[in-house]
Amino acid sequence: DAGVIQSPRHEVTEMGQEVTLRCKPISGHNSLFWYRQTMMRGLELLIYFNNNVPIDDSGMPEDRFSAKMPNASFSTLKIQPSEPRDSAVYFCASSLKGGHEQYFGPGTRLTVT
Amino acid sequence: AQSVAQPEDQVNVAEGNPLTVKCTYSVSGNPYLFWYVQYPNRGLQFLLKYITGDNLVKGSYGFEAEFNKSQTSFHLKKPSALVSDSALYFCAVRVGFGNEKLTFGTGTRLTIIP
């Protein structure tokens, strides 16, 4: 299995631009999670989906952030407009519902200048 | 609410010595506990979990962890450290059945000294 796939691996953009991060979960997994990792705040859960439905989005920092999961094999996290404080590594993870461990992708390193 | 504390930001151990990375948790209900490892520029990798049953759980790469309910702890251990064990280690907790939201600790950087 290819594991969780994220793209792009690195993104550099200017403040005010729209950023879209993409994730393909492991085939057959029906839960998908978006995390953000920074030195200051550590690893934070932003949102998670089960069977393509958002279950908990309490970690989404503000309205500039949105996430979608149009089907079982694809999810996006969008930031519009981006700000320098959004700079972080964004991870996607997936798991089997009823399973326990989450499998993480390699992450997208976002830099907003 | 659920939370995890990793009291040590950094742990240094000589190669071949036993290692311990500490974790305490707080959760309302039965805890599901996890350890993950992160190597530089990589995503987190699952090491082991405690769901129920034996308090001592064994995981990948020779790691084990002991669940202690009275002390609300879940310390990660290995009898003999390898240089390749050097990495960032995260403890995580979630409430049992129905809630998939994991709360992670702040991480402990483990350095094995040759």
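Odds and ends about this structure:
- Residue selected from segment B:39-79 under the condition within 14 Å of chain A (Cβ to nearest Cβ) and polar (S, T, N, Q), by the criterion surrounded by the most Cβ atoms within 10 Å (Cβ to Cβ): B:GLN45
- Any hit, segment A:25-32, residues being modelled with pLDDT of 95 or more, closer than 28 Å to B:GLY105 by Cβ, within 15 Å of the chain's Cα centre (by Cα) and polar (S, T, N, Q): no
- Contacts under 9 angstrom Cβ, first residue in segment B:94-106 being more than 7 Å from chain A (Cβ to nearest Cβ), partner modelled with pLDDT under 80 and open to solvent by less than 50 Å² (accessible area, probe 1.4 Å), 6 or more apart: B:ARG94/A:HIS100
- Among the residues of segment A:101-113, those that are open to solvent by 40 Å² or more (accessible area, probe 1.4 Å) and facing chain B (nearest Cβ under 10 Å) comprise A:TYR103, A:PRO106, A:ARG109.
- Answer from A:MET40, A:MET15 - the residue that is more than 10 Å from chain B (Cβ to nearest Cβ) and modelled with pLDDT under 95: A:MET40
- The residues in segment A:73-98 that are modelled with pLDDT under 95 and aliphatic (A, V, I, L, M) can be counted, and the count is 1.
- Qualifying residue in segment A:74-88 (condition: of a type outside the set (A, V, I, L, M), closer than 19 Å to B:GLU100 by Cα and either open to solvent by 20 Å² or more (accessible area, probe 1.4 Å) or part of a strand (DSSP E or B) (or both)): yes
- Within segment B:58-78, residues that are touching a residue at least 40 places away in the same chain (Cβ under 8 Å) sit with their Cβ atoms under 6 Å from residues that are in a loop (DSSP other than H, G, I, E, B) and surrounded by fewer than 20 Cβ atoms within 10 Å (Cβ to Cβ), at 6+ positions apart or across chains, in these pairs: B:HIS75/B:LYS22.
The values are calculated or read from the model by the stated rules, or taken from the named source; none is laboratory data. Predicted, not measured: the structure shown is a model, and the values here were computed from it. Positions of Cβ are generated from backbone atoms using ideal geometry, with glycine treated the same way; all protein chains shown enter the neighbour counts. The accessibility values were calculated without ligands, DNA or RNA, using every heavy atom of the protein model including side chains. Shrake-Rupley method; radii C 1.70, N 1.55, O 1.52, S 1.80 Å.
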